[in-house]
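Asks: Quick one: the structure is below, and I'll ask about it shortly.
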Amino acid sequence: MVYQILGILLGLSFTLPIVGANKKCLETVDAQYGGLHTNCSHIKTSRVPEDLPDNTTTLDLTFNNIKTLYNNDFKYLTQLRHLDVSFNPIDTLQEFSFHGLDSLLVLEFNGHNLNYTDISMPLEVFTPLQSLTNLSLRSDISRFPNRQFIIPDRVLGSLTKLTQLNIDMSSDFHSGFSNLTELKELIVGGTWKHRKWLLCELSLLTKSTFKVFSNIPVQLLQLNSCIIKSFDEDFLQPFPNLKTLLLNNITMKNGNFSHLIPVLHVFEYKNMTEISINRVVTSSKYLGYNRRLDLQLLSRICVEKLDLGQNEINIVDFDVLFTVPYPPFTKCIRRMNLSANRITGRISLHFAPFTFATLSMMEDLDLSDQMVFSFNKYIIRALPPVAHFNFPDPIPIFIASNLRRLNVAGLPHEIGELKVDVEFISANNLEYLNLSYCGLYNMKRKVFGLGNLEILDISGNSLSIINLTVFDEFPNLKTLRASNALLDNDFLAQNGRRFFRPLRKLKNLDLSSNGFVFIPNELFNSMVTLKVLNLAQNNLITIPDVTQLVKLNSLYFNHNAINTLRYETRDMLEKTRENNKKFQLHLWGNVFICTCEAIPFLLWLEETRVNLDRNNYSCVESSGIPTSTKAVYKQWTSFNRKCVSSSWLNLAIGEFAIVALTLIVAFVFSKNKMKLKLLLLRMTGKNIYPKKRDDFVYDAFIIYTDSISGWVCNELRNELETNRGIKLNLRDRDHLPGGSRADDLSDAIRDSWKIVLILTEEFLRSDLAYFTMCNCLSSIRLTTPQRLIVLIDHQINLTANLDFLLEAVTEDNILHVDLRDPLTIAFWDRISHAIKLKNDINI
């Protein structure tokens, strides 16, 4: 028992703050250096505290108000290894500011106000720091736009053990830096410190910029985010031992990406660890100009990692990498990123199947998101049909034996339909394959050779037709992403268990955004290892049974069509939670109903032991007013009382309605026995026959006003009667003058197969408008349901009193036209089709 208590006390000593004399600073155990980690950040002090513990090994003084580091401020902190005074308004260092820090290893001095003069930085100020290995001396240059950042080189000359230097510089490095004989890493580019971005000031790269480092074994040079106004092709000449070059996110005021590649000539036939030139920004936008990637030069560099992503590279001649004898690049490259470019380079047809095999050391290859990309249009749907006849079955794709990750997502040319099998050769180490958004559709055949694949992404393709046994060749798959893949809901409902059965090691399954409306309960029962199931962005109204998935940690049902959960579903979720305490259900994005019928579900949301992604969800009241589940629960008493009272009221109204309906039915039946009998006969189709075209004299009767009579008798008559053979009844031609317009209207409606009513402002103002519309409506009978066609002039102001007419006409028979402009052939074809259409009536 004593030992147990002692162990507990010792354990607490590593987690609880140590109470020291300085009440403002938090002192904890320094796990890295073994002493105390004293955190005096954000305490608003204007001087270094005097009562710090002597055994402090890490001291954090960031974000205070210190303006001067005085002599002997750190005199008694002889064990200090890490000092951070960043983001203080320090503008002065006294000569003995760092006296006593003989053992200091790391000095973070960022976001200061030093102007780098002899007054602000005495010549001997850094002399005591004889053990210093890491120095970061960066100011926020955005606050001093007109200052030249030229650090007195002799000030740093005494730091002979420095291995990493992160420094401001706006001009050439001078002779004092030549004393840094152990320097390995030089960082001049933009950098993050304490979540603040510190800009790069270096803009001119000449032969002399880094000349002072010629005899120093610098292995890493970082120039990220520099704004380069001009550069010399030999500015990297002083770095014969360089292993890592970082030129990410630089801005070039003159030239473009293709002009930057030649600076790498100094590394020809040398071994490098990494070259990263990601997202080069030019002063002009991409307009199709040449951003060529010169693989002739790069092929002669033995580099393990190459990152040239997001550069809008548009021309690459890949053949140079695959020509025997293979160049150093082909033999050395392990990780290559060419994503998010515009590559249109070609690989000869006879090289294409062997492309990845030639890069024998390749482990990670990213060619994704090319806006334009092709392998000489190899296996591209844009090829002529005859090109597919030469494909072997299966198509062999040779893979480098070391390749672990291959990302070809988002290729602009569609892969097309998988009509033949595909076999990956030597892909035993391939663990990750991303084929998302590649224009792959209808996987009728299978893919072989990927037995060790663990992650497969086929999202964004059209896989409504897919081979039932396609996953039989993926026994080790752990993550499958098939989001937005147009998977067929009926196919999964009928064959889903067989489809997913081989995936017995699957841990992560993403089926989001497929438009599913139903998921069978037993679909996922065989996936006992599943930890994450994503069914978000579908149209599901309920949650399938997942109680068999005892390892399931996360179930994503966001943005579906769930408005409530039944008791059976809630009980299933509770049992799933009992099986796995980590189980979390994501329901955000569903709009629930906050009605009386949903009371059990609303209570469950508040009281369930299931871990939910939110404690408040959107819902809609019975009146249609949007609210939230939390708001309803806060007013639960009044909500519940309203539900109880409305239930009794509904019951009383229901009983009264039943009695009243019974009395009405009895009365109507006794008074209208014959009418009801005829109605029943009509409902069963007896004695009802649809009218035929041959029963009428004309194809269509055109109803119009005088203002458009010229248009009707000329253009409309010519298009419908002359060009399309439709026999029309026109008032100005077929009716005798002087007769009754009402009688003529009734006769014309009786003799016409269809009626075309042209609604204009003049028609609505006419005396016979209402009479005409009523006669048109009376012509619509059970035997002629689609008889009326309405043309609405674009200029007409539709009023509410026209609803009685328009509601009786099908949507297809209402056409909007602008009689001031010539009408299209498509319009005339549409109205012709409506006139000739047979009445759809079941008898």
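The values are calculated or read from the model by the stated rules, or taken from the named source; none is laboratory data. None of these values were measured; they are calculated from a predicted model. Counting neighbours? That spans all protein chains shown, and the Cβs are built from the backbone with ideal geometry, glycine included.
Asks: Confirm whether residue 254 is at pLDDT below 90, surrounded by fewer than 21 Cβ atoms within 10 Å (Cβ to Cβ), in a loop (DSSP other than H, G, I, E, B) and not hydroxyl-bearing (Ser, Thr, Tyr). It would help to see each step written out before you state the result.
Replies: Details: at pLDDT below 90: yes; surrounded by fewer than 21 Cβ atoms within 10 Å (Cβ to Cβ): yes; in a loop (DSSP other than H, G, I, E, B): yes; not hydroxyl-bearing (Ser, Thr, Tyr): yes.
Yes: the conditions hold for residue 254.
A quick yes/no check of all residues on (1) part of a helix (DSSP H, G or I); (2) in the same structural domain as residue 710 (by TED's automatic domain parsing); (3) touching a helix residue (DSSP H, G or I) at 6+ places or on another chain (Cβ under 7 Å); (4) exposed (fewer than 15 other Cβ atoms within 10 Å of the Cβ):
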position: 732; (1), (2), (3), (4): yes, yes, yes, yes
position: 745; (1), (2), (3), (4): yes, yes, yes, no
position: 772; (1), (2), (3), (4): yes, yes, yes, no
position: 786; (1), (2), (3), (4): no, yes, yes, no
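Asks: In addition: In segment 334-362, which residues are among the aliphatic types (A, V, I, L, M), under 22 Å from residue 301 (Cα atoms) and at pLDDT 60 or above? Can you show your working first?
Replies: Filtering segment 334-362 for residues among the aliphatic types (A, V, I, L, M) gives 336, 338, 340, 343, 347, 349, 352, 357, 359, 361-362.
Those still in the list that are under 22 Å from residue 301 (Cα atoms) too: 336, 338, 343, 347, 357, 359, 361-362.
Of everything in segment 334-362, those that are among the aliphatic types (A, V, I, L, M), under 22 Å from residue 301 (Cα atoms) and at pLDDT 60 or above turn out to be 336, 338, 343, 357, 359, 361, 362.
Asks: Inside segment 445-466, can you point out the residues that are within 15 Å of residue 418 (Cβ to Cβ) and either in a strand (DSSP E or B) or touching a strand residue (DSSP E or B) at 6+ places or on another chain (Cβ under 6 Å) (or both)? Walk me through how you get there before you give the answer.
Replies: Taking segment 445-466 first, the residues within 15 Å of residue 418 (Cβ to Cβ) are 445-450, 456, 458, 461-466.
Within segment 445-466, 445, 447, 448, 449, 450, 456, 461, 462, 463, 464, 465, 466 meet the criteria.
Asks: For residue 481, are the conditions met, namely being closer than 21 Å to residue 552 by Cα and surrounded by fewer than 16 Cβ atoms within 10 Å (Cβ to Cβ)?
Replies: Working: closer than 21 Å to residue 552 by Cα: yes; surrounded by fewer than 16 Cβ atoms within 10 Å (Cβ to Cβ): no.
For residue 481, the condition - closer than 21 Å to residue 552 by Cα and surrounded by fewer than 16 Cβ atoms within 10 Å (Cβ to Cβ) - is not met.
Asks: Further question on the same structure: Step by step: first the residues of segment 552-586, then only those that are of a type in the set (Lys, Arg) and surrounded by 15 or more Cβ atoms within 10 Å (Cβ to Cβ), then the one that is farthest from residue 510 (Cα to Cα). Which residue is that? Working first, answer last.
Replies: Residues of segment 552-586 of a type in the set (Lys, Arg): 566, 570, 575, 577, 581-582.
Okay, now just the ones that are also surrounded by 15 or more Cβ atoms within 10 Å (Cβ to Cβ), so 570, 577.
Numbers: 570: 23, 577: 21 Å.
My answer is 570.
Asks: Mind checking which residues of segment 431-443 are out of contact with any strand residue (DSSP E or B) (no Cβ under 6 Å at 6 or more places or on another chain) and modelled with pLDDT under 95?
Replies: Residues of segment 431-443 out of contact with any strand residue (DSSP E or B) (no Cβ under 6 Å at 6 or more places or on another chain): 431, 435, 437-440.
Of everything in segment 431-443, those that are out of contact with any strand residue (DSSP E or B) (no Cβ under 6 Å at 6 or more places or on another chain) and modelled with pLDDT under 95 turn out to be 435, 437, 438, 439, 440.
Asks: I need a count of the residues in segment 165-204 that are in contact with a Leu (Cβ under 8 Å, 6 or more places away or on another chain), part of a strand (DSSP E or B) and more than 12 Å from residue 110 (Cβ to Cβ).
Replies: 3
Asks: Give segment 417-444 a look and list any residue that's outside any strand (DSSP E or B), among the charged types (D, E, K, R) and under 22 Å from residue 360 (Cβ atoms), or say none. Spell out how you get there, then give the answer.
Replies: Within segment 417-444, the subset outside any strand (DSSP E or B) is 419-421, 426-431, 435-439, 444.
In the following step, the residues that additionally are among the charged types (D, E, K, R) were identified as 419, 421, 431, 444.
Listed by number, the list holds a single entry, 431.
Asks: Next up: Looking at segment 75-86, can you tell me whether even one residue there is touching a residue at least 60 places away in the same chain (Cβ under 8 Å), closer than 20 Å to residue 132 by Cβ and of a type outside the set (Val, Ile, Thr)? Give the derivation first.
Replies: Looking only at segment 75-86, we keep the residues that are touching a residue at least 60 places away in the same chain (Cβ under 8 Å), and these are 86.
Next cut, closer than 20 Å to residue 132 by Cβ only: 86.
Applying the additional criterion that residues be of a type outside the set (Val, Ile, Thr) yields 86.
The answer is yes, given that some residue of segment 75-86 is touching a residue at least 60 places away in the same chain (Cβ under 8 Å), closer than 20 Å to residue 132 by Cβ and of a type outside the set (Val, Ile, Thr).
Asks: Looking at the structure I just gave you, is residue 823 under 44 Å from the mean Cα position of the chain (by Cα), modelled with pLDDT under 85 and assigned by TED's automatic domain parsing to the domain that holds residue 761? Break it down into steps so the answer makes sense when it comes.
Replies: On the way: under 44 Å from the mean Cα position of the chain (by Cα): yes; modelled with pLDDT under 85: no; assigned by TED's automatic domain parsing to the domain that holds residue 761: yes.
Spelling it out, it is not the case that residue 823 is under 44 Å from the mean Cα position of the chain (by Cα), modelled with pLDDT under 85 and assigned by TED's automatic domain parsing to the domain that holds residue 761.
Asks: So if I check each of 636, 648, 711, which one is of a type in the set (A, V, I, L, M, F, W, C) and modelled with pLDDT of 85 or more?
Replies: Working: 636 fails: modelled with pLDDT of 85 or more; 648 fails: modelled with pLDDT of 85 or more.
Step by step, each of 636, 648, 711 is checked, and only 711 is of a type in the set (A, V, I, L, M, F, W, C) and modelled with pLDDT of 85 or more.
So that you can scan it fast, the table gives a plain yes or no per residue for (1) outside the structural domain of residue 824 (by TED's automatic domain parsing); (2) in contact with a Lys or Arg (Cβ under 6 Å, 6 or more places away or on another chain); (3) in a helix (DSSP H, G or I); (4) among the hydrophobic types (A, V, I, L, M, F, W, C):
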residue: 710; (1), (2), (3), (4): no, no, yes, no
residue: 717; (1), (2), (3), (4): no, no, yes, no
residue: 729; (1), (2), (3), (4): no, no, no, no
residue: 753; (1), (2), (3), (4): no, yes, no, yes
residue: 775; (1), (2), (3), (4): no, no, yes, no
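Asks: Residues that are of a type in the set (Ser, Thr, Tyr) and either in a strand (DSSP E or B) or touching a helix residue (DSSP H, G or I) at 6+ places or on another chain (Cβ under 7 Å) (or both): does segment 237-251 have at least one? Quick ask: steps written out before the conclusion?
Replies: Taking segment 237-251 as the starting set, the residues that turn out to be of a type in the set (Ser, Thr, Tyr) are 244, 251.
Adding the requirement that they be either in a strand (DSSP E or B) or touching a helix residue (DSSP H, G or I) at 6+ places or on another chain (Cβ under 7 Å) (or both) leaves 244, 251.
The answer is yes; a qualifying residue exists.
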